[in-house]
Each structure stands twice: as structure tokens, then as C-alpha cells.
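> The structure follows.
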Amino acid sequence: KAGVTQTPRYLIKTRGQQVTLSCSPISGHRSVSWYQQTPGQGLQFLFEYFSETQRNKGNFPGRFSGRQFSNSRSEMNVSTLELGDSALYLCASSLTGQAGNTIYFGEGSWLTVV
Amino acid sequence: DQQVKQNSPSLSVQEGRISILNCDYTNSMFDYFLWYKKYPAEGPTFLISISSIKDKNEDGRFTVFLNKSAKHLSLHIVPSQPGDSAVYFCAANRYGQNFVFGPGTRLSVLP
């Protein structure tokens, strides 16, 4: 069974640009969540989608947004990029996203903002 | 306000010995806990979980212990192997909420 797939793996953007990251969850998983990891920090929760609806949201500015499609694939978008947005962005999927459901991570997308 | 804490940023253990990684949480409503291992440039890999109705869960060399009254959980790795060298994250959630992760502990297993 294929794992969580994230694209692209690596990208470099200029300050002020926008970026879109993509995530394909494990087949059958309907919950997709996104996390940001910066050097020295743990995983900071961005948002979670279930059945195309945002169910939970972390404490990030409105420049960070996401969506989920009917096939459970998800995208996240960051607009007006800042240097501090340089990070590893991780997507995770689970069956329902509820307690008792393990979440499984993709390899991540490394974003560098210059 | 860190709801999940891993107070040891790093830990070094000799190969073959026991590694004990600790995690503390502040939210008594958390009812499901996970441990992940992360190598550089890779996504976290799920290791083991425990629900709040248990106080111990074992899977091969990995055992997780949960002390609800102390709001503390620990991951024991026995015996430790060089391939266990990685960053370990604990995570917790409650029904309907997202997982909250600790900052991680870097484990180095010395040959």
C-alpha cells in the first residue's frame, strides 16, 4: 500500500512569491493534516482537513491556507512568502483523524525562501 | 504554552543498553499518545501508540509506559542499536482535536 506522497520534495522561492504544496494520502484515509517543522522546533500544526472541510486550524497567519479535494488529496498554499517560512512542511494522513487513529507522515517538502 | 514537553533535547546511550525517552504533557484531556522517529531529511515514522485506558504497550524492542496521574509517558528501547539514532517525537491528542507534538529528543546510540 503506497504511503503518503508529497510533491515537490525540494523547492526554492523568493520572498514575496507564493507556493503550493501537494499531498496524496494513503488510500482510504480521509483526514489530511499539515505540519511545519523549522530547525530546533517541533512539529507545529497548521490545519487538518476531513471530507473537503477544514476541521482544525493551528496558530498560523492567513497567508497559510489549504484545501482538500473529493479524492482526499490536499494542497497547502503559502502566499507572500517570508524568509521565516523556510521549513520542512509535512503532510500526514489518517483514516478519520480522530483519537485512536494513527497519523502517517509523508517525506515532506523542503521550502527555502531567499 | 507547550502542552507536550520533551525536556531532554538529546540523549546518548551505549549500543545494547536501554534508551529511555521521556515526555510530559499538561492537558489531562489527552487520551491518545504516539511516538515517532525521524531521520534527517525524512518524514517522521510511526513507532508505537498508547491510549489512556492502558499504562503499557509493547512492540518488539519498543515499550511505551503511560502514567496518567503524573501526565508522563516514556519510551523504552531495549536493546538500543546504532540504527535507532534519530530524533524522537511524542505526540498527544484528544477526541476531535489535532495532535500536539513535543519538540523532540535526539538519541545517539554509540557503538
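> Being more than 11 Å from chain A (Cβ to nearest Cβ), in contact with a His (Cβ under 8 Å, 6 or more places away or on another chain) and hydrophobic (A, V, I, L, M, F, W, C) narrows it down to one residue among B:ILE20, B:ILE77; which is it?
B:ILE20
> Name the strands (runs of 3 or more DSSP E) wholly within segment B:14-82 that hold at least 3 residues that are surrounded by 14 or more Cβ atoms within 10 Å (Cβ to Cβ)?
Qualifying strands (runs of 3 or more DSSP E): B:19-25, B:32-38, B:45-51, B:62-67, B:72-77.
> Identify the residue in segment A:54-66 that is at pLDDT 95 or above and more than 13 Å from the chain's Cα centre (by Cα) and, among all such residues, is least open to solvent (accessible area, probe 1.4 Å).
Restricting to residues being at pLDDT 95 or above and more than 13 Å from the chain's Cα centre (by Cα), the top hit is A:ARG63.
> Also, quick follow-up: Restricting attention to segment A:60-114, report how many residues are more than 10 Å from chain B (Cβ to nearest Cβ), in a loop (DSSP other than H, G, I, E, B) and in contact (Cβ under 8 Å) with a residue 12 or more places away in the chain.
14
> To continue, here is another question. Say whether the condition of being on the phi > 0 side of the Ramachandran plot and more than 11 Å from the chain's Cα centre (by Cα) is met by at least one residue in segment B:67-75.
Among the residues of segment B:67-75, at least one is on the phi > 0 side of the Ramachandran plot and more than 11 Å from the chain's Cα centre (by Cα), which makes the answer yes.
> May I pose another question? Would you confirm whether any residue within segment B:86-96 is within 14 Å of chain A (Cβ to nearest Cβ) and free of Cβ contacts under 8 Å to residues at least 12 places away in the same chain?
Yes, the conditions are met somewhere in segment B:86-96.
> Would segment A:102-109 turn up any residue that is open to solvent by less than 60 Å² (accessible area, probe 1.4 Å) and out of contact with any strand residue (DSSP E or B) (no Cβ under 7 Å at 6 or more places or on another chain)?
No, every residue in segment A:102-109 fails to be open to solvent by less than 60 Å² (accessible area, probe 1.4 Å) and out of contact with any strand residue (DSSP E or B) (no Cβ under 7 Å at 6 or more places or on another chain).
The values are calculated or read from the model by the stated rules, or taken from the named source; none is laboratory data. All figures in this text were calculated on a predicted structure; none of them were measured in a lab. As a convention, Cβ positions derive from the backbone with ideal geometry for all residues, glycine included, and neighbour counts pool all protein chains shown. With ligands, DNA and RNA removed, areas are computed over all heavy atoms of the protein, side chains included. Shrake-Rupley method; radii C 1.70, N 1.55, O 1.52, S 1.80 Å.
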